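Engineer: The following block contains the structure, expressed as structure tokens.
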Amino acid sequence: MAEPLAHLQEQLRKDQKLLDTIKAHLPVLEQLVALLEYDYEDRIYRFYYQSFKVYDLQSFTTQARDIFQQIAQAIDGHLHAWFTDIVAQGTGVHFAMEHNRDWLIHTRPIVEAFLHAKYFVEMMVKYGRTMDVAGASLPSGWAALLVLYNQR
């Protein structure tokens, strides 16, 4: 019986380390949330309007990814492979006029990567502000952060 308890204690210790690290990064995460207000509304519109300005979403996505990687390094962890793949496919894309012919093929990955990054930034700010102790209770957003850092 001691082994499952030790495993749970280790898991909670790692979860607390993640939470503490997120809290340490709250100022920069909150700055990203402030950027979101305009970018989210305008750049999603730009996607549907077929404007090259949708490509600007990549800046937010890479900033968020970089912060997420800093957090991962601080906890001796790494980001979920699906997230890194989504971000890789939705960043580093440069507009070219021929993209207009296949708009969705070129821009949907940008929007998808942005929306995933937005979600995780918002969850980090939410739980970084409201949680003091990482416990056995797993609200969906907190559980998603644990999955992002391969802790579940």
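FYI, it's all coordinate maths here, none of it is from the lab. Note that the coordinates shown come from a computational prediction; the quantities given were computed from them, not determined experimentally. Glycine gets a Cβ as well: all are built from the backbone with ideal geometry, and neighbour counts include every protein chain shown.
Engineer: Can you compute the label reach from H78? Point 7 Å from Cα along the Cβ direction, backbone N cut-off under 20 Å, restricted to segment 132-152.
Structural biologist: 145-152
Engineer: On to the next question. Please report, in debye to the nearest 20, how large the charge dipole of the chain is about its Cα centre when each Lys and Arg carries +1 at its beta carbon and each Asp and Glu carries -1 there.
Structural biologist: Roughly 80 debye for the chain.
Engineer: Could I ask something else about it? Quick one: in segment 57-140, what % of C-alpha pairs are over 17 Å apart?
Structural biologist: In whole percent, the long-distance tail amounts to 55.
Engineer: Quick one: net charge of E41's neighbours, Cβ under 15 Å, K/R +1, D/E -1?
Structural biologist: -1
Engineer: Also, I was wondering about something else. Under a no-solvent Debye model with one identical scatterer per Cα of segment 1-54, what's log10 I(q)/I(0) at q = 0.28 Å⁻¹?
Structural biologist: -0.96
Engineer: If you don't mind, there's one more thing I want to ask. So what is log10(I(q)/I(0)) for segment 84-131 at q = 0.16, 0.20, 0.25, 0.30 1/Å, when the Debye sum runs over its Cα atoms only?
Structural biologist: Debye output, listed in q order: -0.53, -0.68, -0.86, -1.03.
Engineer: I would also like to ask the following. Quick one: if you stick a label point 7 Å off each Cα along the C-beta vector at Y45 and E98, how many nm between them?
Structural biologist: Distance between label points: 3.2 nm.
Engineer: Here is a further query. What's the FRET efficiency of Q11 with T62 using the Cβ-Cβ distance as r and R₀ = 30 Å, to the nearest 0.05?
Structural biologist: E between Q11 and T62, to the nearest 0.05, is 0.45.
Engineer: Among the lysines, which have Cα under 29 Å from the Cα of K14 when same-chain residues fewer than 8 positions away are ignored?
Structural biologist: In chain and number order, the partners are K23, K118, K126.
Engineer: Mind pulling the per residue volume of the convex hull built on the Cα atoms of the chain? Å³ is fine.
Structural biologist: Numbers: hull volume 16.1 nm³, N = 152.
It is 106 Å³ per residue.
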